[in-house]
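*Asks:* I have a structure here, written as structure tokens, and I will follow up with some questions on it.
The values are calculated or read from the model by the stated rules, or taken from the named source; none is laboratory data. As the structure is a prediction and not an experimental result, all values here were calculated from the model. Methodologically, a virtual Cβ is constructed for each residue, glycine included, from the backbone with ideal geometry; neighbour enumeration extends over all protein chains shown. When the accessible area is computed, the model is the full protein with side chains, heavy atoms only, and any ligands, DNA or RNA have been set aside. Shrake-Rupley method; radii C 1.70, N 1.55, O 1.52, S 1.80 Å.
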Amino acid sequence: MSRADAASRIVRAAITLGTAQGVGALSLQAIARAAGVSKALLLYHHASKAALLDAIVATLAQASEERLRRAAVADDAMGAWRMLVRDEANDGAAALLAALTLEAEVDGAALFAARAAREAAAAQLAAAALAGVGLTPRVPAAFLGRLLVRQVDGLALAARRDGLAAEALEAELDAFALALLGLGR
């Protein structure tokens, strides 16, 4: 196994652990155990817990950005957005990413880059959702991107923390869809 493969396996194990048990479970020892490696090998591949958390953030943010971009080019962007939010609320990765943004050990520059990329993809999705109903944004696209990312992250956290019921999630999606339509012309 190459160095990159081993480092990636450790990150994947940490993500699995974090989505199942939350950010508090992400100790180096627990991650090493989940990855089936020693703590020394974990630290060989990731120099510190902060470096490992940064790698987790980068991996989760890239996956989220890719899902947002795929939704933006779907035939029904509004429907794709709703499905994306449902999926993100249920799989735990978005909640883990949102929770990691609050961790002091995560590098601020890494968070900024991850958020900027996700917001740019979300802005494309919001514009595509509006275009699907014959509207164009009447506010800057970057604003729409920020709103959409905050909505996804907030609902994902609420689903993990509060066990957001399907009906409540659908009501949140309806409310956000109406707000998004109100930002079009």
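*Asks:* Local charge sum around A13 (other residues, Cβ-Cβ under 15 Å, Lys/Arg +1, Asp/Glu -1)?
*Replies:* +4
*Asks:* Related question: Working from Cα positions, state the angle (0 to 90°, nearest 10) between the long axis of helix 166-182 and the longest principal axis of the chain.
*Replies:* 50 degrees
*Asks:* Then there's this: Which of the trypsin sites (Lys or Arg not before Pro) across segment 84-169 are loop residues per DSSP, with 13 or fewer other Cβ within 10 Å? All intermediate terms of the calculation are to be shown ahead of the outcome.
*Replies:* Working: sites: R86, R115, R118, R138, R146, R150, R160, R161; in loops: R138.
Loop-located and lightly packed - R138.
*Asks:* Next up: What angle, in degrees between 0 and 90 and rounded to the nearest 10, separates the Cα long axis of helix 3-21 from the longest principal axis of the Cα atoms of the chain?
*Replies:* 70 degrees
*Asks:* Now a separate question. Taking amide hydrogens as modeled 1.01 Å from N in the peptide plane, which residues meet the under 5 Å criterion relative to G184, leaving out close sequence neighbours?
*Replies:* Under 5 Å from the amide H of G184 lie the amide H atoms of R138, each far enough along the sequence or on another chain.
*Asks:* Scan [x] 61, 39, 37; [y] 57, 30, 29; [z] 54, 35, 30 for the value of Cα extents along the principal axes in Å calculated from this model and give just the label.
*Replies:* So the structure-derived entry is [y].
*Asks:* What is the extension gain from S38 to A104, computed as 0.36 nm multiplied by their sequence separation minus the C-alpha to C-alpha distance, in nm to one decimal?
*Replies:* 21.3 nm
*Asks:* Shifting gears a bit: If you line up the long axis of helix 108-131 against the longest principal axis of the chain, both from Cα atoms, how many degrees apart are they, to the nearest 10?
*Replies:* For 108-131 against the chain, the angle is about 30 degrees.
*Asks:* Next question. Counting only other residues whose beta carbon sits under 13 Å from that of L60, what net charge do I get with K and R as +1, D and E as -1? All intermediate terms of the calculation are to be shown ahead of the outcome.
*Replies:* Details: positive: R12, R67, R115, R118; negative: D54, E65, E66, E88, D91, E103, D153.
Result for the local shell: -3.
*Asks:* List the relative contact order of segment 40-185 as a percent without decimals, with contacts defined as Cα pairs under 8 Å and 6+ residues apart.
*Replies:* Answer for segment 40-185 is 29 percent.
*Asks:* I've got another one for you. Tally Lys/Arg at +1 and Asp/Glu at -1 over every other residue whose Cβ is under 11 Å from the Cβ of A51; what's the total?
*Replies:* Local net charge: -2.
*Asks:* I want to check the label-to-label distance for Q21 and E167. Put each point 7 Å from Cα in the C-beta direction and report it in nm to one decimal.
*Replies:* In this crude spin-label approximation the distance works out to 3.5 nm.
*Asks:* With θ set to phi - 60° and the Karplus curve 6.51 cos²θ - 1.76 cosθ + 1.60, what are the ³J(HN,Hα) couplings of segment 94-106 in order, to the nearest whole Hz, using x for Gly and Pro?
*Replies:* Using θ = phi - 60°, the values come out as 5, 5, 5, 4, 4, 5, 5, 5, 9, 7, 5, 6, 7 Hz.
*Asks:* Hey, another quick one. Most mobile of A94, A14, A166 per a Gaussian network model of the chain (Cα springs, under 10 Å)?
*Replies:* Among A94, A14, A166, the largest GNM mean-square fluctuation belongs to A166.
*Asks:* Follow-up. For the chain, give the percent of accessible area contributed by carbon and sulfur heavy atoms, probe 1.4 Å, rounded to a whole number.
*Replies:* 58 percent
*Asks:* Only helical DSSP H runs with n ≥ 4 go in: add -39500 (n - 2.57) per run for the chain, normalise by residue count and round the 222 nm mean residue ellipticity to 500 deg cm²/dmol.
*Replies:* -26000 deg cm²/dmol
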